[in-house]
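In what follows, a structure is listed as structure tokens, so that the remarks can point back to it.
The values are calculated or read from the model by the stated rules, or taken from the named source; none is laboratory data. Since the model is a prediction, treat every value here as computed from it, not as a measurement. Cβ sites come from the backbone with ideal geometry, for glycine too, and all protein chains shown count toward neighbours. Ligands, DNA and RNA are excluded from the accessible area calculation, which covers all protein heavy atoms including side chains. Shrake-Rupley method; radii C 1.70, N 1.55, O 1.52, S 1.80 Å.
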Amino acid sequence: MKFKLIYPRWEKLDGQTIFNLPPHGPVVMAAAIPHNIEIDFTDENVEDLIIDESPDFVGISMMLTTQVKRGWEIADQYRKLGKKVIFGGISTMLHAEETMLHADSVFLGEVEGRLDQVFQDFHKNDLKKIYNFISTPPDMSLIGPAKRDILKKDLYYHKGFRMVDLFHASRGCIYDCYPCAVRYLGGRGFRPRPIDKVVEELSQMDNNRLFIVDNSLALDTQWEKDLFKAMIPLKKKWVSHTIEDKDEVLDLAAQAGAWYVYQAVFDTSDYIKNRIKQYHEYGIAVEGTILLGLDNQTEDDIKRLVDFLLEIELDLAEFTVLAPFPHTKAYSDLLKQGRIFDTDWNHYNAGKVVYHPKHMSAERLGELYQYAWDTFYQDEPQTMKMFNLINKVVSREIADGTYTPRRRDIADLSFGKKVPKLV
Amino acid sequence: METNPDFNKYMDRYFNFAGQWESPSKCGLKVIHRKDGKTLAIATEIYRQNPGTPVTEWCAPLATLIMKELDCLPDQFIFIEHTPDLRSKLAFYDETFDLVTFDVDGHNLVNPKWSRLSPDLVDGMMEA
């Protein structure tokens, strides 16, 4: 039986460097699919999707809100051909009611231990409209290594440089951050994977550079320390979200291969300044994630924040405007106040303004968003700053003998497509 | 009845409900039977203590459920959403009150509309 698994494309933000990373949701899902099922995976961001009658059953995995409309379009076409379509993934959960209008089935929650039943139901022509496991997360020890062999790996190279692979060591989050839906998606508890399972998966990965996609690595000190200690011998180099600010934790993180972290910069306080300094002291670079358009930001605040970012010598910065995704407090608050004016999900890309900001017009916030990108990268472009970060990791890899040279055979390709050679 | 040191004048018990996708959910609740014959219910978002759906996301079904449990009619029922001050560094978790009004569809409250209330106004409504 052939299961066609699709990761829909989305429109990338104007003017930003495009990096297509190998998706994580589909490979985690694939690991939970019964072994006798043939999986044919298409990531529409790096290859064309051919919609035909060859699959027996179709799965659409969606992570971003900007994928849902394309996902629905694909499903509609397959269903016209008489194919059954099931949806899963983060943005399926965020947009479940609407997605049900385009689906034979939607899967809500986490897949481990649950897909045998789904495929049995499909075989019996008894697919349920909803598989709802949203309140019953699986035992974390059931999460095995993701099935990355469904990916066409050569498509995730840019001019011979391999992109990082995505990996997770925990799920859920104890916090309830204003723009974040993890509370709804992964539950309010922190659920770490057993360390031996994490190490087993890491050991099997042939990519030395990873992005640990956990919401935060600052939720359980002892687990963090145990994780980092166990990772040291693997000599991986990795990117992650926040790491706890304790010196002993940062020291172990650095030894375990912490390359750079995404750190939210929400004000110009000494707390933030010292946080960045502390990472740097341990040789960990920092990409600031800066959310613009919050109700406590005036135009002057945004300009001051950009100046501050330059002053604290962030290695990279990523600016976004608030996107009030469903199931976030941001969405609830703006909905209550009647401030959301655009409900086209394709516009929820964190680059377009879809609500009325408190202290300025939507148009002005859009201009300030552009100002922030332009100003931060005025003296040193984003590609150059990224190049500096890559140089740092290459030096460390050469030092510990894990460096893999750039692939010359695909140096003229970017994510599978030809790029002109620079003379 | 559960007790909690966080109970206050806007919340004197927990209310358990099945939220979206049947998620076990919980909010704070205060019910006042006013002198004018109307029943005022204040539903408090309790954030981390709520394992499921937030009050705002399930506002109409939650208000309907509370109204029916209190054996009230829609025109005798007043519903207020309360978010407590979490003393966060960020301003998004300050205390707020919203009066929620609904359309009535059969026996159910639907189409919530929120309007912000000051704490003084809420106190006045509690004493009416």
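Can you tell me the relative contact order of segment B:13-127? Whole percent, Cα pairs under 8 Å, sequence separation 6 or more.
20 percent
Taking one quarter of the surface of the C-alpha convex hull of segment A:249-345 gives a mean projected area of 7.8 nm². Using a probe of 1.4 angstrom and keeping all protein chains present, the accessible surface of the protein assembly as shown works out to 45 square angstrom per residue. Which percent, to the nearest 5, of DSSP beta bridges fully inside chain A are antiparallel? Counting DSSP beta bridges with both partners in chain A, the antiparallel share is about 15 percent.
Could you tell me which of rounded, prolate or oblate describes segment B:13-127, using a ≥ b ≥ c as the square roots of the eigenvalues of the alpha-carbon gyration tensor, with rounded for a/c under 1.5 and, failing that, prolate when a/b is larger than b/c and oblate otherwise? Cα axes put segment B:13-127 in the oblate bin.
Per the Cα gyration tensor, segment A:282-423 maps to an equivalent ellipsoid with semi-axes of 36, 20, 15 Å, ordered largest to smallest. Put simply, the amide H of A:Ile60, placed in the peptide plane, has neighbours under 5 Å in A:Ile6, A:Ile86, A:Phe87, A:Gly88, leaving out anything fewer than 5 places away on its chain. Distance from the Cα centroid of segment B:9-37 to that of segment A:306-366 is 32 Å (rounded to whole angstrom).
Of A:Asp226, A:Asp52, A:Asp412, the residue with the greatest mean-square motion in the GNM of chain A, using alpha carbon springs below 10 Å, is A:Asp52. Within the protein assembly as shown, the ratio Rg/Rh, alpha carbon atoms throughout and Rh by Kirkwood, equals 0.97.
Using the Karplus relation 6.51 cos²θ - 1.76 cosθ + 1.60 with θ = phi - 60°, the per-residue 3J(HN,Hα) values for segment A:216-233 come to 7, 9, 10, 10, 7, 4, 5, 5, 4, 5, 4, 4, 5, 4, 5, 7, 3, x Hz, with x marking Gly and Pro. When only Cα pairs below 8 angstrom with a gap of at least 6 residues are kept, chain A shows a relative contact order of 15 percent. Each peptide in B:119-127, B:7-15 receives the mean, over its residues, of other Cβ atoms within 10 Å, and ordering these scores from highest gives B:7-15, B:119-127.
Let me check against my output: what whole-number percent is the relative contact order of segment A:238-358, with C-alpha pairs under 8 Å and at least 6 apart?
Relative CO of segment A:238-358 lands at 21 percent.
Across peptide A:285-292, the average count of Cβ atoms from other chains found within 10 Å of a residue's Cβ is 0. Enclosing the Cα atoms of segment A:144-255 in their convex hull gives a volume equal to 128 cubic angstrom per residue. Take each residue in B:48-59, count the other chain C-beta atoms within 10 Å of its C-beta, and the mean is 4.
Suppose only helical runs count, i.e. DSSP H with n ≥ 4. What mean residue ellipticity at 222 nm does that imply for the protein assembly as shown under -39500 (n - 2.57) per run, divided by all residues and rounded to the nearest 500 deg cm²/dmol? Helices in the protein assembly as shown give a 222 nm mean residue ellipticity of -8500 deg cm²/dmol. Near the amide H of A:Lys147, within less than 5 Å, lie the amide hydrogens of A:Val28, A:Ala30, A:Ala31, all on another chain or at least 5 residues away, with H placed in the peptide plane. Along segment A:252-269 the Karplus relation, 6.51 cos²θ - 1.76 cosθ + 1.60 evaluated at θ = phi - 60°, assigns HN-Hα couplings of 5, 4, 4, 5, 7, x, 4, 9, 8, 10, 8, 10, 5, 10, 10, 7, 10, 7 Hz to successive residues, with x for each Gly and Pro. All Cα-Cα separations within segment A:238-304 were binned at 5 Å from zero, giving a P(r) of 4, 17, 27, 21, 13, 9, 7, 3, 0, each value a whole percent of the pairs. Most tightly packed first, judged by the mean number of other beta-carbon atoms within 10 Å of their residues, the peptides A:377-383, A:361-367, A:20-26 read A:20-26, A:361-367, A:377-383. Most tightly packed first, judged by the mean number of other beta-carbon atoms within 10 Å of their residues, the peptides A:286-295, A:271-280, A:116-125 read A:286-295, A:271-280, A:116-125. Taken residue by residue and averaged, Cβ atoms of other chains lying within 10 Å of the Cβ of B:76-83 number 1. Amide H contacts for A:Tyr355 (H built 1.01 Å from N in the peptide plane; partners 5 or more residues away or on another chain; cut-off under 5 Å): A:Phe341.
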